[in-house]
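Have a look at the structure below, then the notes.
The values are calculated or read from the model by the stated rules, or taken from the named source; none is laboratory data. Since the model is a prediction, treat every value here as computed from it, not as a measurement. Note: ideal-geometry Cβ built from the backbone for every residue, glycine included; neighbour counts use all protein chains shown. Note: accessible area is taken over every heavy atom of the protein model, side chains too, but ligands, DNA and RNA are not part of it. Shrake-Rupley method; radii C 1.70, N 1.55, O 1.52, S 1.80 Å.
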Amino acid sequence: MSNSLRIGIAGLGTVGTSLVRMVQDKQDMLADRCGRAITVTGVTARSKGKDRGISLDGITWHDDAHALATAEDVDVFVELMGGEDDPAYGAVKAALESGKHVVTANKALLAKHGVELAALAEAQGLLLNYEAAVAGGIPIIKVMRESLTANNVTRVSGILNGTCNYILTRMEKDGLSFEACLKDAQDLGFAEADPTFDIEGNDTAHKLAILTSLAFGTKIEPDAIYLEGITKITIEDIEAAKELGFRIKLLGIATRTPDGVESRVHPAMVPLGSEIAEIGGVTNAVAVEADTVGSLMMSGPGAGGDATASAAAGDICDIAKARPGHQHGPALGQPAHTLAPHERAPMRSHAGGYFIRLTVVDKPGTMAAIATRMAEQDISLESIVQRRAKGASSSEQAPIILITHETTELAIRNALEAVRADDRLIGEPQMIRIETLG
Ligand code: HSE
């Protein structure tokens, strides 16, 4: 087919390899649905000789991403390398400057340079598509960028990292250690090249920053997001959560408030039996609340080669179907120059219930002292449980779990500071926010 759409793929990891295979195996179907063939004309990756189980016959190998991004026989540059700066940044910019559409799965790049790249794509009359950057195979970008155009979004939230959800699910279901679950997630191709981005919450924050911009028409500001990962979650927390009717999930939540946008990424207690609590393994879920549509939630595979390549392939097909010379929709849902600054609502005014797990010295007056510190901050307790300690020093220490009614982050922090100063604590307190979504 003479008018085939020629794509150049930078990065042949799990996603890139799946994408090449998908485009080759489904070429007739894609040609029928797009009205033209999709052809991979060029690739680049770190190692040329590696056996990836795909055929690269007839595809030009480029030694660097910039050369591929500007190659004569490439119409669409597909960036699957990752990394917030060069080489990905330089290559995407060069592709747009030389008139190529871009498809990327790179949330870190978009979180840092998304507004600039969106402005460049608009100025060049090109498409910058990034469905694969957020929530793997779930088509949430299209929904937020196009389908919800007539809505004022009030909240966007969800489970946005497959690796963390997989780890938390397996720790609970199989009683495995954090490290063993992370290793499995890496072996299955879910984790980032540097998995600290997953487990420390940065990957969720990058995705939430993009969704926040689409939801509220603000500039992408990952640094405005309050961030806590899952590395401090223990089996004790998971067991206590279950006993008290909760499950722990790493959530990303952005809410419009009168003080600005409250965006936060942290582990949260969600009620057992709720829709979000049932999202297990590598599955992601994104919930949107908006004035016209009401509430909606989409769930699906949040990581993995095929699911992510499916999203990138959809983006490529949209480009194949776009009319040449026709004005394309702006990459961030509205022209980049109209995006408002991101006014950040302070985390200290966050209101909600809290789970607090403390290990304290087991002596008279400890429980009363803790209750007093809470009362001094006007915190009302829903439940307070003292458990029998396990292990050698069990006669001297006691684990205590508190569940609070709605209060503020500031009150909780002040109360915990006062409890700390009372010198009855052993180790650091664990504090997990309680969240009801939808
Ligand atoms: N490492 C990411 C995750 C991949 O686990 O969700 C998809 O962005």
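Below, the figures for the structure above:
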| item | result |
| --- | --- |
| Residue order for 366, 292 - accessible surface, 1.4 angstrom probe, largest first | 292, 366 |
| Packing-based ranking, highest mean first, of 294-303, 42-51 given that Cβ atoms within 10 Å are counted | 294-303, 42-51 |
| Charge dipole of the chain about the Cα centre (unit charges at C-beta), most positive-ward option of 125, 418, 54 | 54 |
| Within the accessible area of the chain (1.4 Å probe), percent carbon and sulfur | 48 percent |
| Rounded to the nearest 10 Å², the accessible area of residue 178 at probe 1.4 Å | 30 Å² |
| Debye, to nearest 20: dipole size of segment 256-343, +1 on Lys, Arg Cβ, -1 on Asp, Glu Cβ | 320 debye |
| Lysine pairs within segment 146-301, Cα separation less than 22 Å, 8 or more sequence positions apart or different chains | 11 |
| Per residue accessible area of segment 222-320, 1.4 Å probe, in Å² | 36 Å² |
| With all protein chains modelled, accessible area of residue 257 [1.4 Å, Å²] | 40 Å² |
| Gain on full stretching of the segment that runs from residue 385 to residue 194 - 0.36 nm per residue minus C-alpha separation | 64.9 nm |
| Extension gain, residue 150 back to residue 186 (0.36 nm per residue minus Cα-Cα distance, nm) | 9.0 nm |
| Residue order for 376, 221 - accessible surface, 1.4 angstrom probe, largest first | 376, 221 |
| Theoretical gain in end-to-end length, residue 371 to residue 321 [0.36 nm per residue, Cα-Cα removed] | 11.6 nm |
| Over the chain: helical MRE at 222 nm, DSSP H runs n ≥ 4 each giving -39500 (n - 2.57), nearest 500 | -10000 deg cm²/dmol |
| Heavy-atom surface of segment 101-217, accessible at 1.4 Å and reported per residue (Å²) | 31 Å² |
| Dipole in debye (nearest 20) - the chain, about Cα centre, beta carbon charges: Lys, Arg +1; Asp, Glu -1 | 400 debye |
| Largest to smallest accessible area among 269, 29 [probe 1.4 Å] | 29, 269 |
| Probe 1.4 Å - accessible area at residue 60, Å² to nearest ten | 60 Å² |
